[in-house]
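A short worksheet on the structure shown next.
The values are calculated or read from the model by the stated rules, or taken from the named source; none is laboratory data. Keep in mind the model is a prediction, meaning the values are calculated, not measured. Here the Cβ positions follow ideal geometry from the backbone for every residue, glycine too, while neighbour counts run over all protein chains shown. Calculation scope for accessible area: heavy atoms of the full protein, side chains included, ligands and nucleic acids excluded. Shrake-Rupley method; radii C 1.70, N 1.55, O 1.52, S 1.80 Å.
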Amino acid sequence: MEEISQSNQKLIEIPEKLPLLPIRDMVLFPSTVVPLLVGRDKSLAAIHEAALHDDLILVATQKNSEKEEIQASDIYRTGTVCRILQIVEFPQGHFKVVVEGIARAKIRRFLRNPNFFETRIEVLQEESASPSKVAVLTKQLQHYFQEYVGYSQELPEELIKHLQQYQDPNQMIDFVALNVDANTREKQKILEETRLEKRFDLLLDMMKALIGLQRMRIEIDQKVQESLLKNQRNYYIQEKLRILNKELGEEEELSSPELIKLEQEIQAAGMPQHALKKAMDEFTKLKKIPPFSPEYTVIRNYLDWLKNLPWSVYTKDRLDINKARQILDEDHYGLKKPKERILEHLSVLKRVQKIKGPILCLVGPPGVGKTSLGKSIARALNRKFVRVSLGGVRDEAEIRGHRRTYIGALPGKIIQSMKKAGSNNPVFLLDEVDKMSYDFRGDPASALLEVLDPEQNKFFNDHYLDVDYDLSQVFFITTANMLMDIPEPLLDRMEVIELPGYLEHEKVEIARRHLIPKQYREHGVREEELTIEEEAILRIIREYTREAGVRNLERQIATLCRKAIRRISENGTEKLRVTADNLEDYLGKPEFLSRLADLKEEVGVATGLAWTPYGGDLLKIEVSVLPGNQQLTLTGQLGEVMKESAQAALAFIRSIADQLKIKPAVFEKSEIHIHVPEGAIPKDGPSAGIALASAMISALTGRAVRNNIAMTGEITLRGKVLAVGGLNEKLLAAQRNNISTVIVPSENKKEIADLPPRLREGLTIIQVENYQEVMEKVLV
């Protein structure tokens, strides 16, 4: 039992066991009277326990104020023993409890009590200091507190007089610490400290920091106030000058040096007359608006866009045809048609000096060099190059911009790219034009119609600029993977150049000239350290990649470089040679094997040719004739067009059943099941018609289909063979899989005449007009 002497000379006995009241966001000190709002069940139980005995309770601060359900570990171990002076009940079960701090105490341990926190405590004994030192520290504390109250807007000045009434230095410290707006953790340190001089130091340091913050706040407030007064004064003067000028009949405005410079830049921007008039109208409006007005910023940004566009800046075209051809050949191997079209454009430009910008659409599978060809065209023409990716664009404002009425409005991608190019005749690449979408915000493909129409793009109107901009000298190039995904009106405005997949010899040359040197540079490999033989490249193409382009080929070459560097680093080897024989040591087992092993001469199996966005492929078609009732079953994830093609082929077979010596009863009592393997891959299109017919005839007659023949062509009910698309890719797939003979429709004779000589190597191409010709060639 401890005895504490109060100022009224009455001794208070403090028991060792006391209930605990945890509080949040404040620290309670001795010699202070504070009202507390209590609502938690355990806290109410502790108050009632104290009220039943001697009204004494320990008040301690909670470490995390946001925590509702707390444990003993969540409470600071030093608190204040308080006497309950008053308890007032509020609605909804809350209580206001007025307590008076008596002494500081340390919690020795928490006692087991399920209803409230009960503690065993030890009252802290305070250590004194030298009277002279205390006197100095007391004066400092009074001075700082007086200054703090002067800065504070919440504390009354009566607190200064109240502080001067205290004689006990510890009571002064407790009073000041309670009333200042400081961090709970800092106040807790002062409560826990027993040495008087150290308590003074902690409190004085805290006061200095708080006063510094108050001074900074006042300085900032003063600067803000001065700025506002200055702006108001300027606005008043400007309005007065404007009214005086108006009274005197003078309309000219007094411009700042910034506005004078802006006017000079507008005049020097080389705008056409209609754009200059619009810019000067906006500039006149700008001069009449105070600089701090939101409209001032909007107009200023608009004028910055107008003056920074390359209205009359052009790069000089390189008209040396031979030099242009050399640059195109350096950057890309093959691609004969696109190169011819570029050189034709240059030839016409050289002759007439001015020509409307062409719009080319490069269509081809991924990785064949569509985007990089755009850069090469710009280099060959000596023009600037800009690229905009349209993949996923679904808002018309991305193309045409937003109107200036919207907050944060900007021009569309076309005008932004023209500013970035810095010239009015760049090569402008619109990448992935087939990947655009549309929603409630508009259709970007429709917005592109004006951009890509040579008759209209001289007067392209961006919503943000609201003036016509001339795009007629821009060389537009678009790229796409799928021609069918481009909207018809947009496609009509473009000249389509198809980039087929690369042949094997072309991929070998591209790897040798471009891919291997590039990967050597990127991986820091020297030519004398690593040699990749041509046979190894060919094996990578055949067994480790299956693509129309060269992206995966480049990745495999990068893998070779990484593996080689590791071996050189680990083993100290100076030279490595990658051959077709040791390729598996670097790249592992082949990912793709030749399908010829499966293509034996079997009854009911035919080989078709398919086109995919990634190049051509073989299409193996299997047919089984089973007992049934005039059923045609199709499996392998076939599309509607391919299903109809199979039905048409079956109808044709039934019409020539007598010629094939097939009895009508066979169709009536059989189920014909057609399956196209790799069932997880969707397949569609009419070009497998003759292959479907061949497989069905083979199954119905028992005659096998030759395994060295692949075929493509649409079949009609009369047995005619119609033209198909993607012939280059299909023949490439046949050549890659060592097929010796290919049957194609004679209607494709134009495409056949244009075939590269290397694509014909090793292939016998048979052109047919009707299925009777096919049947003679394919059935054993």
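Set the Cα radius of gyration of the stretch 603-659 against 2.2 N^0.38 Å, with N its number of residues, and you get 1.31. When every Cα-Cα distance of the stretch 383-532 is counted in 5 angstrom steps from zero, the calculated P(r) takes the values 2, 8, 15, 17, 15, 12, 8, 8, 7, 5, 3, 1, 0 percent.
Could you work out how far the C-alpha centroid of the stretch 57-115 sits from that of the stretch 719-736, in angstrom? A separation of 88 Å, based on Cα centres. With the helix formula -39500 (n - 2.57) applied to DSSP H stretches of n ≥ 4, the chain reaches a computed 222 nm mean residue ellipticity of -13000 deg cm²/dmol. Distance between the 7 Å Cα→Cβ label points at N301 and I289: 1.1 nm.
Multiplying the residue separation of I237 and R40 by 0.36 nm and removing their Cα-Cα distance gives an extension gain of 64.7 nm. Tell me the net charge near M482. Cut-off is 11 Å between Cβ atoms, M482 excluded, with +1 for each Lys or Arg and -1 for each Asp or Glu. Around M482, the charge tally is -2.
Compute log10 of I(q)/I(0) for the stretch 285-433 with the Debye formula, placing one identical point scatterer on every Cα and leaving out solvent, at q = 0.19 Å⁻¹, to two decimals. With one equal scatterer per Cα and no solvent, log10 I(q)/I(0) is -1.18.
Rg/Rh for the stretch 475-581 (Cα atoms only, Rh after Kirkwood) is 1.15. Normalising by residue count, the stretch 477-526 has a Cα convex hull of 117 Å³ per residue. Solvent-accessible area of K67, all protein chains in place: 80 Å² (probe radius 1.4 Å, heavy atoms, ligands and nucleic acids excluded). Working from Cα pairs under 8 Å separated by at least six residues, relative contact order for the chain is 7 percent.
Extension gain for the segment R112 to E570, taken as residue separation times 0.36 nm less the Cα-Cα distance, is 158.3 nm to one decimal.
For the stretch 316-382, the convex hull spanned by the alpha carbon atoms encloses 80 Å³ per residue. Applying 0.36 nm per residue to the separation of M216 and T635 and subtracting their alpha-carbon distance, the gain on full extension is 142.9 nm. Distance between the pseudo-spin-label points of R654 and R403 (7 Å out from Cα toward the beta carbon): 6.2 nm.
Have a look at the DSSP beta bridges in the chain and tell me what percent are antiparallel, nearest 5. Roughly 60 percent of the DSSP beta bridges within the chain come out antiparallel. Which of the three applies to the stretch 166-215, rounded, prolate or oblate, going by the alpha-carbon gyration tensor with a ≥ b ≥ c and a/c under 1.5 meaning rounded? It is prolate, given that a/c is not under 1.5 and a/b is the larger ratio.
Over the stretch 704-780, Cα pairs under 8 Å with separation of 6+ residues give a relative contact order of 39 percent. Placing unit charges on the Cβ atoms of the charged side chains and taking the dipole of the stretch 678-754 about its Cα centre, the candidate lying farthest along the positive direction among A704, G689, N748 is A704. Assuming R0 = 25 Å, what is the FRET efficiency of L229 and H143, from their Cβ-Cβ distance, to the nearest 0.05? The calculated FRET efficiency here is 0.15. For L410, the residues whose amide H sits under 5 Å from its own are H402, ignoring neighbours fewer than 5 places away on the same chain, with H placed 1.01 Å from N.
Angle of helix 551-571 to the longest C-alpha principal axis of the chain, folded into 0 to 90 degrees and rounded to 10: 60°. Entry for the stretch 597-705 at q = 0.16, 0.18, 0.23 Å⁻¹: log10 I(q)/I(0) = -0.68, -0.85, -1.34, Debye formula applied to identical alpha-carbon scatterers, no solvent contribution. Relative to the longest principal axis of the Cα atoms of the chain, the long axis of helix 640-655 makes an angle of roughly 20 degrees. A simple count of charges around E226, restricted to other residues whose Cβ falls under 14 Å of its Cβ and scoring Lys, Arg +1 and Asp, Glu -1, yields +1. What the Cα atoms of the stretch 702-780 give is an Rg and a Dmax of 12.3, 38 Å. Overall, the ratio between the Cα radius of gyration of the stretch 107-186 and 2.2 N^0.38 Å, rounded to two decimals, is 1.49. Between beta-carbons, use under 10 Å as the cut-off and find the net charge around N382, counting Lys and Arg +1, Asp and Glu -1. Summing Lys/Arg as +1 and Asp/Glu as -1 gives +4. Relative to the longest principal axis of the Cα atoms of the chain, the long axis of helix 257-268 lies at roughly 0 degrees. In a reduced charge model with +1 at each Lys and Arg Cβ and -1 at each Asp and Glu Cβ, the chain shows a dipole moment near 1860 debye about its Cα centre.
Dividing the radius of gyration of the alpha carbons in the chain by their Kirkwood radius gives 1.22 for Rg/Rh. The phi-based Karplus calculation (6.51 cos²θ - 1.76 cosθ + 1.60; θ = phi - 60°) puts the 3J(HN,Hα) values of the stretch 303-311 at 5, 4, 5, 4, 6, 8, 6, x, 4 Hz, whole numbers, x for Gly and Pro. Counting heavy atoms of the protein chains alone, Y502 has an accessible area of about 20 Å² for a 1.4 Å probe. Let's test the formula: R0 of 56 Å, r as the Cβ-Cβ distance of R394 and H94. What FRET efficiency results, to the nearest 0.05? Approximately 0.55, to the nearest 0.05.
Scanning residues 5 or more positions from T61 or on other chains, those with amide H under 5 Å from its amide H are I23, Y76, with H placed 1.01 Å from N in the peptide plane.
Remark on T119: its backbone amide H falls under 5 Å from those of L18, L20, L111, a criterion applied only to residues 5 or more positions apart or on other chains, H modelled at 1.01 Å from N. Within the assembled protein chains, the solvent-accessible surface assigned to Y296 is about 30 Å², based on a 1.4 Å probe.
Each residue of the stretch 580-585 was assigned a 3J(HN,Hα) from its phi angle through the Karplus expression (A = 6.51, B = -1.76, C = 1.60, θ = phi - 60°), giving 5, 6, 9, 4, 5, 5 Hz with x at Gly and Pro.
If you take the square roots of the eigenvalues of the alpha-carbon gyration tensor of the stretch 408-483 and sort them as a ≥ b ≥ c, do you get rounded (a/c under 1.5), prolate (a/b over b/c) or oblate? Oblate is the answer for the stretch 408-483, as a/c is 1.5 or above yet b/c matches or exceeds a/b.
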